[in-house]
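Single-structure report; data block below.
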Amino acid sequence: MKRTKKTEPYVGQKIYVETALYLGHGLDDFEGGLATISQVTDEKYYIGVKIKERPGTTYNWKYLLEGQEEWKKRFGKNKAHPIPDDRPEFNRWD
């Protein structure tokens, strides 16, 4: 992807992210929606983006850009947030 000012991520930018559900580690379940970029990193093969709502997770910027229209329709104004499932049967990864 050609990098331009229009496609460059920046701290404070609002971006949609998708939902992530884990069968073996429900404590990490996360509901997608509108999120705020907290950090931008220039990785070896991609631009990495971290969001305030999910510390410790890095997203591929190009992948996020490709999903924006779909996720905007799906989530609307809903904000991204953790939805941990602490039931033992869904938390077997150690």
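Read the figures in this text as sums done on the coordinates, not as results from a lab. Since the model is a prediction, treat every value here as computed from it, not as a measurement. We place every Cβ from the backbone using ideal geometry, glycine too, and count neighbours over all the protein chains shown.
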Inset, instruction - Could I have the simple spin-label model distance between residue 72 and residue 20, label points 7 Å from Cα toward Cβ, reported in nm to one decimal? - result: 2.4 nm
Inset, instruction - Starting with the highest mean, order 38-47, 20-29 by the number of other Cβ atoms within 10 Å, averaged over the residues of each peptide. - result: 20-29, 38-47
Inset, instruction - Show that you can apply the helix-only estimate: for the chain, add -39,500 (n - 2.57) for every DSSP H stretch of four or more residues, divide by all residues, and state [θ] at 222 nm to the nearest 500. - result: -5000 deg cm²/dmol
Inset, instruction - Find how much the distance from residue 63 to residue 7 grows on full extension, using 0.36 nm per residue of separation minus their present alpha carbon separation; answer in nm with one decimal. - result: 19.0 nm
Legend entry - Pairs of alpha carbons in the chain whose separation is greater than 23 Å (percent): 29 percent
Inset, instruction - With a ≥ b ≥ c taken as the square roots of the eigenvalues of the C-alpha gyration tensor of the range 42-94, please select rounded if a/c is under 1.5 and otherwise prolate if a/b is larger than b/c or oblate if it is not? - result: oblate
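If we count every other residue with Cβ under 15 angstrom of residue 29's Cβ, Lys/Arg +1 and Asp/Glu -1, where does the sum land? Show your work: numbers first, answer last.
Values: positive: 54, 87, 92; negative: 18, 28, 31, 53, 85, 86, 89.
In short, -4.
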